[in-house]
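Visitor: Structure provided below as structure tokens; questions to follow.
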Amino acid sequence: MAKYIEINPDNPQPHKLAEVIKTLKAGGIIIYPTDTVWGLGCDATNSEAVQKIYAIKQRDESKALIILVKDLEMLQNYVEEIPATVFDILTTAKRPTTIIYPQAKNLAPNLIAADGSIAIRIPQHDFCQAFFEEWQKPLVS
């Protein structure tokens with residue numbers, strides 16, 4: 001059953017964020033604001049939830065999805081290595097920047113490309129940052 005939780009992206013209320021997190025933990029799907037567009041998201045470690053995104057988007061699993069993580073520290077949990085040049089790019093980027101990393105790890109297998117890579121972005125959007133303070137896991141975008 002679909003559930004609608006309206007959250008003001010400029011002032012996310014903790015009790016409403018808790019409801020969104022409860023939905024994600026149950027394998028649900030959310031729509032949320034990012035730096036670029038509104039994203040269709042789910043827990044990036046839950047294969048069944050990721051499959052729901054592919055079905056909704058009518059997208060073949062061979063076309064990998066992007067994920068969002070809170071920061072460089074969280075990023076390290078989901079890729080084998082972060083090249084030094086990536087640190088430079090991410091710390092100086094003025095615009096939303098997605099990097100494709102080889103050797104993804106700790107993610108839903110159906111989220112990782114056939115070559116083992118994953119596209120990841122660190123959002124600056126206030127809602128995303130507040131959300132990640134509570135969620136502490138990667139999110140499909």
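Visitor: Output the number of the condition that Gly28 fails; it satisfies all remaining conditions of (1) in a strand (DSSP E or B); (2) among the small types (Gly, Ala, Ser); (3) at pLDDT 90 or above.
Guide: (1)
Visitor: Counting only residues that are out of contact with any strand residue (DSSP E or B) (no Cβ under 9 Å at 6 or more places or on another chain) and either in contact (Cβ under 8 Å) with a residue 24 or more places away in the chain or not in a helix (DSSP H, G or I) (or both), which one in the stretch 88-97 is least open to solvent (accessible area, probe 1.4 Å)?
Guide: Ala93
Visitor: Across the stretch 106-140, which residue is most open to solvent (accessible area, probe 1.4 Å) among those that are polar (S, T, N, Q) and in a loop (DSSP other than H, G, I, E, B)?
Guide: Step by step, filter the stretch 106-140, then rank; the result is Gln124.
Visitor: When the residues of the stretch 23-36 are narrowed to those that are open to solvent by 40 Å² or more (accessible area, probe 1.4 Å) and of a type outside the set (Asp, Glu), which ends up farthest from Arg121 (Cα to Cα)?
Guide: Ala26
Visitor: What number of residues within the stretch 47-73 are surrounded by 14 or more Cβ atoms within 10 Å (Cβ to Cβ) and either charged (D, E, K, R) or touching a strand residue (DSSP E or B) at 6+ places or on another chain (Cβ under 8 Å) (or both)?
Guide: The number of residues fulfilling the criteria is 12.
Visitor: I would also like to ask the following. Conditions first: (1) of a type in the set (Val, Ile, Thr); (2) without any contact (Cβ under 8 Å) to a residue 60 or more places away in the chain; (3) outside any helix (DSSP H, G or I); (4) open to solvent by 60 Å² or more (accessible area, probe 1.4 Å). Thr85 passes all but one, so which condition is the exception?
Guide: Tallying (1) of a type in the set (Val, Ile, Thr); (2) without any contact (Cβ under 8 Å) to a residue 60 or more places away in the chain; (3) outside any helix (DSSP H, G or I); (4) open to solvent by 60 Å² or more (accessible area, probe 1.4 Å), Thr85 fails exactly one: (3).
Visitor: In the stretch 55-82, what residues are of a type in the set (D, E, K, R), under 22 Å from Glu133 (Cβ atoms) and touching a residue at least 24 places away in the same chain (Cβ under 8 Å)?
Guide: The answer is Lys70, Asp71.
Visitor: For Ile100, work out the one condition from (1) over 15 Å from Cys128 (Cβ atoms); (2) in a strand (DSSP E or B); (3) touching a Gly at 6+ places or on another chain (Cβ under 9 Å) it doesn't fulfil.
Guide: Condition not satisfied by Ile100: (3).
Visitor: If you go through the stretch 35-61 one residue at a time, how many are assigned to a loop (DSSP other than H, G, I, E, B), among the aliphatic types (A, V, I, L, M) and farther than 20 Å from Lys137 by Cβ?
Guide: Result for the stretch 35-61: 1.
Visitor: Then there is this: Could you say whether any residue in the stretch 37-46 is at pLDDT below 90 and either within 17 Å of Leu17 (Cβ to Cβ) or open to solvent by less than 20 Å² (accessible area, probe 1.4 Å) (or both)?
Guide: Yes, because at least one residue in the stretch 37-46 is at pLDDT below 90 and either within 17 Å of Leu17 (Cβ to Cβ) or open to solvent by less than 20 Å² (accessible area, probe 1.4 Å) (or both).
The values are calculated or read from the model by the stated rules, or taken from the named source; none is laboratory data. As the structure is a computational prediction, the values presented were derived from the model and not from experiment. Glycine also receives a Cβ, built like all others from the backbone with ideal geometry; neighbour counts cover every protein chain displayed. Accessible surface is based on the protein model in full, side chains and every heavy atom, while ligands, DNA and RNA are left aside. Shrake-Rupley method; radii C 1.70, N 1.55, O 1.52, S 1.80 Å.
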